[in-house]
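Participant: The structure that follows is given in the form of structure tokens.
None of the figures in this text is laboratory data; all of them are computed from the coordinates on show. Just so we're clear, the structure is a prediction, and the values are computed from it rather than from any experiment. We place every Cβ from the backbone using ideal geometry, glycine too, and count neighbours over all the protein chains shown.
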């Protein structure tokens, strides 16, 4: 057990529980900045996220706050796309030996996207309500949903980031869902996506299991503590601060 990694997991988990901002956007760049190989950081984070999302999905399944139809359409696009992303990484590494550079630059750009998405969701959420897209039934947006899943799924397979924040923003804008249903659907779809992508990364040796266990040991109590304290702190300023941290991390990696 590494005390430093456990403490880092505790801090990341605490921030996730406190603000609701995705852990991958906080964790992956920190691991890389600390010297972890980018491909190992991405693979380990995906495997770690799969375990955390499993418990969240089970809870929302019991509460019946998962829109299974929306999960299905998103997964039809995102899972094959994530598989393609992992395959592309291996292909580039085989022929050009530049996998790590690709991951770092992709991470930088996706982190900037996630930071902007977090700020939009935090301060402009009300402007998305009752727009023209939300009035249409999900069946009429099947192709659009699959396309969004494919585009964002590729980014998740490549960087481990966006399974929550970017998909949540897309769902917020396109679908009229209750807050609990939005969260439940997002977590359930993210579980499927990161499990497939994490399994592929594990298959090619990109998962450090000891690192993952250390992160889980720290982050699980951190999430519980942060969640319990979340009602005592103003949400918007905290999310804005975390978004700025993510933005700085993205710029640092470019």
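Participant: Would you call residue 193 buried (at least 24 other Cβ atoms within 10 Å of the Cβ) and touching a residue at least 60 places away in the same chain (Cβ under 8 Å)?
Facilitator: yes
Participant: Can I ask one more? Looking only at helices (runs of 4 or more DSSP H) that lie completely in the range 1-82, which have at least 2 residues being farther than 26 Å from residue 206 by Cα?
Facilitator: 3-19, 38-63
Participant: Out of the range 207-224, which residues are out of contact with any helix residue (DSSP H, G or I) (no Cβ under 6 Å at 6 or more places or on another chain) and surrounded by 13 or more Cβ atoms within 10 Å (Cβ to Cβ)?
Facilitator: Result: 213, 216, 220, 221, 224.
Participant: Considering only the range 116-132, I want to know if a residue exists there that is surrounded by 14 or more Cβ atoms within 10 Å (Cβ to Cβ), in contact with a helix residue (DSSP H, G or I) (Cβ under 6 Å, 6 or more places away or on another chain) and more than 30 Å from residue 38 (Cβ to Cβ).
Facilitator: Within the range 116-132, one or more residues are surrounded by 14 or more Cβ atoms within 10 Å (Cβ to Cβ), in contact with a helix residue (DSSP H, G or I) (Cβ under 6 Å, 6 or more places away or on another chain) and more than 30 Å from residue 38 (Cβ to Cβ).
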